Amino acid sequence: MHLRVRFFGLLRLDLNIQEEELILQVDKATVGQVVDALVLKHGPKVGERLLAGENIRQGTIILVNGKNIHHLKGLSSEVRDGDVLSVFPPGAGG
Amino acid sequence: MPGTYAGRLLRVNLSSGQIKKEEIPEEIMRKYIGGRGLGTYFLNKLLDPKTDSLAPENVLIFATGPLTGTPAPTGGRYMVLCKGPLTNLVACSNSGGQFGAELKAAGYDLLIFEGRSPEPSYLFIKDDEVVLKPASHLWGLETYETTDRLQEECGDKNVKVACIGPAGENLVRFACVMNEKHRAAGRSGVGAVMGSKNLKAIAVRGSNRPHAPDHDVFMNFIRQKLETLKDNPVTGEGLPKLGTKVLDNIINEHGAYPTRNFQTGVFEGTSEVSGEALVEKGYLKKNRGCYACPIHCGRVTELPTGSKGEGPEYESGWAMGACMGIKDLIAITEANFLCNRLGMDTISCGVTLACAMELYEKGHLPKEDLNSGPEPTFGSSEALLYYVSAIAYRKGLGDKLAEGSLRLATNYGHPELSMSVKGQELPAYDPRGVQGQGLAYATSNRGGCHVRAYLISPEVLGIPEKLDPQSVEGKAQWVKIFQDLTAVIDSCGLCLFTSFALGVEDYRDLLSAATGFDYSVEEMFTCGERIWNLERLFNFRAGLTPEMDTLPERLLKEPMPEGPQKGNVVRLSEMLPEYYRLRGWDQDGKPTPEKLDSLELG
């Protein structure tokens with residue numbers, strides 16, 4: 001399946017990529033598996049920015065088609081062909 | 001005198017020139033902590049809330065907290081309080097930099113100005129030496145030049161200067177007080193009140209840093225909290241590298257990035273103006289921190305035009321950008337610099353200009369009122385830069401804009417186009433996408449504001465936990481807790497950004513070790529609640545009515561037209577009664593006698 005992944009915040013600066021197409025040789029996957037695939041492709045920094053151990057890091061935002069995975073099934077949320085993932089490492093302000 | 005307090009205040013009558021140093025009772029310090037709390041206490045004590053905000057009888061207070069000037073992380077904050085000219089309610093505006101710490105080192109917790117100086121003047125403070133000096137030669141100067149000239153005149157580059165620019169002198173209702181050129185006590189028009197008093201600046205130098213009762217205990221806590229802040233991804237990585245402008249994309253993707261005067265929540269130009277873009281385009285040169293700050297969120301920037309300064313931060317970049325439909329990052333940054341030099345709040349300035357643009361677009365603001373100014377159309381960088389300056393000097397249409405969006409829109413017969421609460425313009429989050437933030441806006445004691453309870457943190461960012469932004473359940477309780485805790489942090493003299501990493505016990509540790517008052521978390525929260533209620537009482541006496549706890553009609557009735565929040569409005573009526581009940585207020589939002597007794601405010 002083909003996914004579109006959009007990077008924001010420090011991850012965008014780390015990778016110097018705004019968005020990319022990610023091809024996985026499966027029909028469906030979880031967000032956690034997509035993060036693993038991104039780590040394989042871009043290195044461990046992606047995991048360090050987004051995860052704390054096996055869990056999503058406090059403050060990390062991952063949207064699937066605009067919906068925050070916190071309000072879906074977290075890292076177990078499913079993604080399918082054509083989905084758009086927006087990935088933000090922890091950031092805040094005021 | 002307990003711990004890190006100076007234990008005294010400086011009272012300056014600008015009409016008579018009389019200067020007095022007064023002791024602050026220990027019991028009052030403990031009950032109101034300092035900063036915002038102690039300032040609110042003295043504002044209530046010394047000012048009739050019905051006073052005209054620009055009359056000499058208004059009182060202007062600069063207040064430090066017990067942690068201001070200490071090595072506690074971010075311990076450099078101070079507050080400016082008065083009755084505000086935008087809202088005619090309590091005004092209480094926070095700033096960082098070095099000024100607050102210097103004032104404390106000079107030996108004062110508070111500075112209180114009363115009356116009006118017959119001539120432009122500035123106050124010079126060097127420890128016990130306090131002199132009111134003439135400032136006619138500084139009147140009319142921008143803030144950067146005023147700061148340079150005063151340091152030169154005092155013969156000391158380390159003198160810290162807080163001053164107003166032309167906007168404050170010309171009584172622009174959203175003029176601010178600037179210190180060290182780039183740090184602003186930005187909101188609510190405190191600079192206009194300073195201007196109304198003919199007070200151009202305060203120049204301060206101090207030589208005695210405050211000491212905690214047990215230095216080792218205090219320093220151990222500080223080391224511990226510094227570690228927590230360093231290890232936290234927001235305060236240790238995100239804010240230092242990208243500053244607050246990391247939020248542009250976050251809030252836009254959430255669909256709550258107010259665009260073209262809150263007509264929608266999605267801005268098509270976000271990628272051009274975001275915090276990431278500021279780095280990628282090479283405008284960001286480095287970051288900078290305030291006194292004792294390990295976070296360093298300040299942006300030091302330089303444009304291809306040669307202009308240099310600090311900013312834009314998230315709010316300023318949005319107000320000068322998306323709020324007016326502008327996607328020209330150079331113009332946005334230039335306008336931010338200009339606001340700093342002229343001494344104006346970027347948020348109210350941008351939202352007022354956006355209001356003018358909508359009035360013009362809809363044909364309510366006639367072309368002849370522009371005088372020789374450019375057409376105020378959404379997306380116009382030319383209009384932005386022209387009118388920012390015109391407002392500060394009250395030139396042409398700028399004279400009407402200088403009154404703020406509510407007075408402007410009312411003048412043209414359409415008050416509903418002012419995106420304000422209680423007369424103060426709303427900041428950079430459309431509450432149709434964040435229900436709890438909507439309640440926080442509607443109930444903020446200083447009018448439209450995000451830093452009285454930053455519900456964006458749990459509702460969007462997931463800190464300390466992720467809440468559903470469209471649920472109203474439990475939001476009243478969250479708002480109350482955030483309001484009370486924020487009042488505590490503001491009173492301590494710390495920066496709110498610490499709260500992304502620190503918890504209530506951390507503040508208790510620092511506050512108790514600094515003051516020697518053995519606060520429990522419960523007592524600390526009671527102080528926060530007391531301060532909130534005292535502000536509310538001031539507002540009622542100043543003329544607040546219950547129906548003012550509301551939002552612009554657009555946000556309550558016009559569904560968000562597009563994006564992730566499409567179809568949503570703020571469901572305020574589902575949250576407000578519960579909020580009043582949790583506060584111990586009656587159905588009109590008035591604190592009950594029992595509540596006031598429990599807070600020792602009866």
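The values are calculated or read from the model by the stated rules, or taken from the named source; none is laboratory data. As the structure is a prediction and not an experimental result, all values here were calculated from the model. For neighbour counting, all protein chains shown are included, and Cβ atoms are generated from backbone atoms with ideal geometry for every residue, glycine included. These area figures cover heavy atoms from the full protein model, side chains too; ligands, DNA and RNA do not enter into them. Shrake-Rupley method; radii C 1.70, N 1.55, O 1.52, S 1.80 Å.
In the set (1) within 21 Å of the chain's Cα centre (by Cα); (2) within 14 Å of chain A (Cβ to nearest Cβ), B:ALA201 fails one condition alone, (2). In the condition set (1) buried (at least 24 other Cβ atoms within 10 Å of the Cβ); (2) assigned to a helix (DSSP H, G or I); (3) within 12 Å of chain A (Cβ to nearest Cβ), B:PRO427 is compliant with all but (2). Residues in region B:250-290 that are more than 24 Å from the chain's Cα centre (by Cα), among the β-branched types (Val, Ile, Thr) and more than 10 Å from chain A (Cβ to nearest Cβ): B:THR264, B:VAL266, B:THR270. Scanning region B:286-310 for residues that are open to solvent by 50 Å² or more (accessible area, probe 1.4 Å) and out of contact with any helix residue (DSSP H, G or I) (no Cβ under 9 Å at 6 or more places or on another chain) yields B:LYS286, B:ARG288, B:GLU302.
Do we find a residue being crowded, with 17+ Cβ neighbours inside 10 Å, closer than 22 Å to B:GLU27 by Cα and of a type in the set (Val, Ile, Thr) anywhere in region B:490-499? The answer is no; no qualifying residue exists.
Would you check if there is a residue in region B:478-487 being farther than 27 Å from B:MET344 by Cα, more than 14 Å from chain A (Cβ to nearest Cβ), of a type in the set (Val, Ile, Thr) and under 22 Å from the mean Cα position of the chain (by Cα)? Yes, some residue in region B:478-487 is farther than 27 Å from B:MET344 by Cα, more than 14 Å from chain A (Cβ to nearest Cβ), of a type in the set (Val, Ile, Thr) and under 22 Å from the mean Cα position of the chain (by Cα). Counted as qualifying within region B:229-342 are the strands (runs of 3 or more DSSP E) with 1 or more residues that are among the β-branched types (Val, Ile, Thr) and over 19 Å from B:SER389 (Cα atoms), namely B:298-302. Applying the set (1) more than 21 Å from B:SER93 (Cα to Cα); (2) part of a loop (DSSP other than H, G, I, E, B) to B:TYR386 leaves exactly one unmet item: (2). Considering the conditions (1) at pLDDT 95 or above; (2) open to solvent by 10 Å² or more (accessible area, probe 1.4 Å); (3) of a type outside the set (Asp, Glu); (4) at positive phi, B:ASN371 is excluded by exactly one of them, (1).
The lone criterion from (1) open to solvent by less than 10 Å² (accessible area, probe 1.4 Å); (2) within 13 Å of chain A (Cβ to nearest Cβ) left unmet by B:GLU313 is number (1).
Filtered by the rule that a residue be within 14 Å of chain B (Cβ to nearest Cβ), of a type in the set (Val, Ile, Thr) and assigned to a loop (DSSP other than H, G, I, E, B), region A:24-61 gives a lone residue, A:THR60. Considering (1) open to solvent by 50 Å² or more (accessible area, probe 1.4 Å); (2) of a type outside the set (Asp, Glu); (3) outside any loop (DSSP other than H, G, I, E, B), the lone condition that B:ARG536 does not fulfil carries the number (1).
Among strands (runs of 3 or more DSSP E) entirely within region B:122-222, having at least 2 residues that are open to solvent by 50 Å² or more (accessible area, probe 1.4 Å) and basic (Lys, Arg) singles out no element at all. All conditions but one from (1) in a loop (DSSP other than H, G, I, E, B); (2) within 24 Å of B:CYS92 (Cβ to Cβ) apply to B:GLN477; the one that does not is (1). Picking from residues in region A:1-23 that are within 13 Å of chain B (Cβ to nearest Cβ) and acidic (Asp, Glu), the one that is most open to solvent (accessible area, probe 1.4 Å) is A:GLU19.
Confirm whether B:TYR393 is under 25 Å from the mean Cα position of the chain (by Cα) and farther than 29 Å from B:TYR441 by Cα. The answer is yes for B:TYR393. Being open to solvent by 20 Å² or more (accessible area, probe 1.4 Å) and either in a helix (DSSP H, G or I) or facing another protein chain (nearest Cβ under 10 Å) (or both) is the filter here, so list the residues in region A:69-94 that pass it. Of everything in region A:69-94, those that are open to solvent by 20 Å² or more (accessible area, probe 1.4 Å) and either in a helix (DSSP H, G or I) or facing another protein chain (nearest Cβ under 10 Å) (or both) turn out to be A:HIS70, A:HIS71, A:GLY74, A:LEU75, A:SER76. Look at region B:463-474: where a residue is at the interface with chain A (Cβ under 10 Å from one of its Cβ atoms) and a partner is part of a loop (DSSP other than H, G, I, E, B), sitting 6+ places away or on another chain with Cβ atoms under 6 Å, you get B:ILE463/A:GLY59; B:PRO469/B:VAL434. Selection over region A:70-94 of residues that are under 12 Å from the mean Cα position of the chain (by Cα) and modelled with pLDDT under 95 gives a count of 0.
Taking the numbered list (1) of a type in the set (A, V, I, L, M); (2) within 25 Å of B:TYR78 (Cβ to Cβ); (3) surrounded by fewer than 24 Cβ atoms within 10 Å (Cβ to Cβ); (4) within 14 Å of another protein chain (Cβ to nearest Cβ) in turn, B:VAL504 passes all entries but (4).
The residue list B:ARG36, B:ARG30 contains one member that is in contact (Cβ under 8 Å) with a residue 12 or more places away in the chain, open to solvent by 20 Å² or more (accessible area, probe 1.4 Å), basic (Lys, Arg) and in a helix (DSSP H, G or I), which is B:ARG30. Each residue in region B:459-485 was checked for being open to solvent by 10 Å² or more (accessible area, probe 1.4 Å) and closer than 21 Å to B:CYS293 by Cβ, and 1 of them qualify. The residues of region B:577-589 that are in a helix (DSSP H, G or I), touching a helix residue (DSSP H, G or I) at 6+ places or on another chain (Cβ under 7 Å) and either over 15 Å from B:PHE482 (Cα atoms) or among the hydrophobic types (A, V, I, L, M, F, W, C) (or both), listed by number, are B:GLU578, B:LEU582. For A:ASP27, the conditions (1) charged (D, E, K, R); (2) over 13 Å from A:VAL87 (Cβ atoms); (3) out of contact with any Asp or Glu (no Cβ under 8 Å at 6 or more places or on another chain) all hold with the exception of (3). Within region B:518-529, being open to solvent by 10 Å² or more (accessible area, probe 1.4 Å) and either among the charged types (D, E, K, R) or in contact with a Lys or Arg (Cβ under 8 Å, 6 or more places away or on another chain) (or both) holds for B:ASP518, B:SER520, B:VAL521, B:GLU522, B:GLU523, B:GLU529.
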